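Contents: one structure, followed by commentary.
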Amino acid sequence: MAIGRYRRAFESFFHQYQEMVFKTAYLMVGDEEDAKDVLQEVFIAVWKSRGTFEPAKGKFATWLHRITVNQCLMKHRKKQPSCISLEEVRDCGLDLPETMDSQVAAELSASKWEYENLAAAIDSLDGKYRPVFILRYFSELSYDEIAQAMGIPLGTVKSRLNTAIKTLRKVLVNEERKEVTQ
Amino acid sequence: MKCEDVNELLIPYLDDELGKEEKKVVELHLSTCLRCREELETLAAIRTGARQALKVMAAKAIPPEQSWKVIEQRLAGKRQPKIALLSGAKSKLEGGINMIKGGLVSRPPAWKPAVIGVLVAALAVGLALVIPPHLGQSQEVLAAEIAQNDPWVRELLPEGAVIRVTKAVRPVEEGIFHVLFLIPGESIWDGEDGNKAIMIDTSVNVREKKVVGVRALKIEAAHITPLTEVEKEKAVEIAEANPEVQEILASGAEIRRVIPLPFFQPVDGSLTINVVGVVLTVASSDSQAKAERWIAVVDLVEGKVVEVVQYP
């Protein structure tokens, strides 16, 4: 009976966090099939190590991110996530919320060209910078939480984020130059 | 503080990750330095844009519906396919399989188009294959046998479904072979979905003689666009330049026809046929014996033969 209760609680926990884990994994491993594997492995690992979470050492989400990052690293990063245009997002039937689109338009003045260049620039980040970048700007973890999730010093988080953003700028500037000269 | 020192702090400043003192120093510098203010604006724009781009990229990733069932089964200590459990029941089939649609969702790995092409080609020429005989008693045959005899795989195959084709392909990882089963949709779905099919892809570890993974792909039957004469001629030309095809031709075979292999490459809703099959046949002198047949799978865009497969 007790196990049944735990399982039900775990199921509810799974439904609460699966999207977060899946999307984070997808951005990190760059492949939907691999992200599915990571999703399973993360929750199996969470179940197995459920007794080891210590609230005093950090937030639950950070712990979950740590497990996700570890599983992604184990999975290897085989390929980059595909860059798709906003139109393609809709074309593949995923109903990108209108608010998302207008938000993108308003905040970024994001033309298709700009978005695609940004996505391509993000794709160009290598394995060292990418997880830190995703945990900060997609998962919205603080530097301290990223350091815990990745098991790296705080200073390394700062320097990797600096490098990541500056790499994006370089790529974007180069793309802009290409566009101007064409 | 110099501009270059301040520059190192601009991203943590934007992320609100600076201590009070550092923040003051940065703000003081910014109040007097136009160049650093411009740099701050640029970095802020990139940061905002990157956030939005990540959201859009992640919007594509939707967790599969059957994930919890799979995890539940694993927690219960049962063997699991990676994607879905298929027991033949329609309801179970419909939830947890991937739809290869428009090539935008979950493209199959690079080896798959060729394999699928072979499967479709086999259907197109009206053959029901078990194991291509040219494989001989190789590890590929062993892989196919292991997959076919695995009780778990047998359980996945819907009752009454006809397994039209099995095909072992070369391992993508050492020791791991893929064996594919194609199940016609009409044995699973009624009505419109009857033109779809399920392909069950089993990963077999031939060393350990066991099935190590199973996944199901729902594939849509593609309309076959007739090939133009130019395409046929090009396919023949490419095939004839291939040493393996040349060897088959030298043994007395003739090129009988060129057939389209409909792949999952819709462009603007219509199919682009990039890969075609060149069918070669050697007529037997013994009227009782079956003719020997091969299909050379030709990629018209790449200008090469992808694979040559013999059929009984």
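The values are calculated or read from the model by the stated rules, or taken from the named source; none is laboratory data. Remember, predicted model here, so these are calculated numbers, not experimental data. So basically every Cβ, Gly included, is an ideal-geometry build from the backbone, and we count neighbours across all protein chains shown. Areas reflect the complete protein model, heavy atoms only, side chains present, ligands, DNA and RNA absent. Shrake-Rupley method; radii C 1.70, N 1.55, O 1.52, S 1.80 Å.
A few points about this structure:
- Chains B and A together, accessible area buried on both sides, 1.4 angstrom probe, square angstrom: 5000 Å²
- Interchain or long-range residues, amide H under 5 Å from residue B:213's placed H: B:203
- Taking amide H atoms as placed 1.01 Å from N in the peptide plane, the amide H of residue B:304 lies under 5 Å from those of B:299, each 5 or more residues away in sequence or on another chain.
- Residue B:209 accessible area, assembled protein chains, probe 1.4 Å, Å²: 140 Å²
- Label-to-label distance for residue B:228 and residue B:152 is 4.9 nm, based on points extended 7 Å past Cα in the beta-carbon direction.
- Estimated at the nearest 10 Å², the accessible area of residue B:17 is 50 Å² with a 1.4 Å probe.
- If you sort B:301, B:282, A:132 by accessible surface, 1.4 Å probe, largest first, the order is B:301, B:282, A:132.
- Net charge of Cβ neighbours under 12 Å - reference residue B:43; Lys, Arg +1; Asp, Glu -1: -1
- Exceeding the 21 Å Cα-Cα cut-off - candidates A:23/A:166; A:75/A:128; A:128/A:170: A:23/A:166
- Pairs beyond 18 Å (Cα-Cα), from A:36/B:69; B:232/B:304; A:59/A:158: A:59/A:158
- Remark on residue B:277: its backbone amide H falls under 5 Å from those of B:259, B:261, B:298, a criterion applied only to residues 5 or more positions apart or on other chains, H modelled at 1.01 Å from N.
- Charge tally for residue A:138 (other residues, Cβ to Cβ under 11 Å; Lys, Arg +1; Asp, Glu -1): +4.
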